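> Provided herewith is a single structure, encoded as structure tokens, for subsequent inquiry.
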Amino acid sequence: MKTKKPKPRLYSDRKVRMPKPIAKRRDKGFSLRMIDEADSRFRAVKEMRRRLQRLKREAGVDTAAREWLAARAVFLLAYLESQEVASLEGEEINWQRYLMTTRSLTDLLNKLGLDREARSTERLQDIIISERKGQQLLGHHPSH
């Protein structure tokens, strides 16, 4: 039986490995850590930062307090998605915690004003539709 010979590596024979996340301190004391400290080489960190930038742009975040709420919303969304994947893979999840987190995310998004933005878009759409109907009743064509 022939075994596959590994391809030679350019600089060394060792595989490159990502560093392990920093373990909790042994004394279990409080340590202030910020999201900016997260290692950007991890895909999850990059995705969370992209989502935060998008949410801040869409919600028109203009204060520090709203930025903090947006960051919490992005984190809760990632937690919910992780729970959903676990459930789909057959793991048992805490549904009470899942629903409570969903409510918290909804509250954060409402505080950021995203519900009002969606409602105002619907109203604009209704206005456009009713205006077109009015033009058709008067015999005007939309192209004029």
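The values are calculated or read from the model by the stated rules, or taken from the named source; none is laboratory data. As the structure is a prediction and not an experimental result, all values here were calculated from the model. Please note: Cβ atoms are built from the backbone with ideal geometry, for glycine as well, and neighbour counts cover all protein chains shown.
> Quick one: which of Ala70, Ala59 is in contact with a Gly (Cβ under 8 Å, 6 or more places away or on another chain), within 22 Å of Leu112 (Cα to Cα) and small (Gly, Ala, Ser)? Show your work before the answer.
Values: Ala70 fails: in contact with a Gly (Cβ under 8 Å, 6 or more places away or on another chain).
Testing whether each residue is in contact with a Gly (Cβ under 8 Å, 6 or more places away or on another chain), within 22 Å of Leu112 (Cα to Cα) and small (Gly, Ala, Ser) leaves just Ala59.
> Just to verify a result, which residue in region 48-58, among those that are in contact with a helix residue (DSSP H, G or I) (Cβ under 6 Å, 6 or more places away or on another chain) and not basic (Lys, Arg), is surrounded by the most Cβ atoms within 10 Å (Cβ to Cβ)? Give the steps one after another, and end with the answer.
Quick first cut of region 48-58, residues in contact with a helix residue (DSSP H, G or I) (Cβ under 6 Å, 6 or more places away or on another chain) only: 48, 51-52, 55-56.
Subsequent filtering for residues that are not basic (Lys, Arg) retains 48, 52, 55.
Working: Met48: 18, Leu52: 18, Leu55: 22.
Selected residue: Leu55.
> Related question: Within region 78-102, which residues are among the small types (Gly, Ala, Ser) and either within 17 Å of Arg51 (Cβ to Cβ) or surrounded by 10 or more Cβ atoms within 10 Å (Cβ to Cβ) (or both)?
The answer is Ala78, Ser82, Ala86, Ser87.
> Which helices (runs of 4 or more DSSP H) does region 18-121 wholly contain that include 3 or more residues that are at pLDDT below 95 and over 14 Å from the mean Cα position of the chain (by Cα)?
64-88, 95-111
> With under 15 Å from Lys111 (Cβ atoms) and surrounded by 13 or more Cβ atoms within 10 Å (Cβ to Cβ) as the only criterion, which of Val61, Val45 stands out?
Val61
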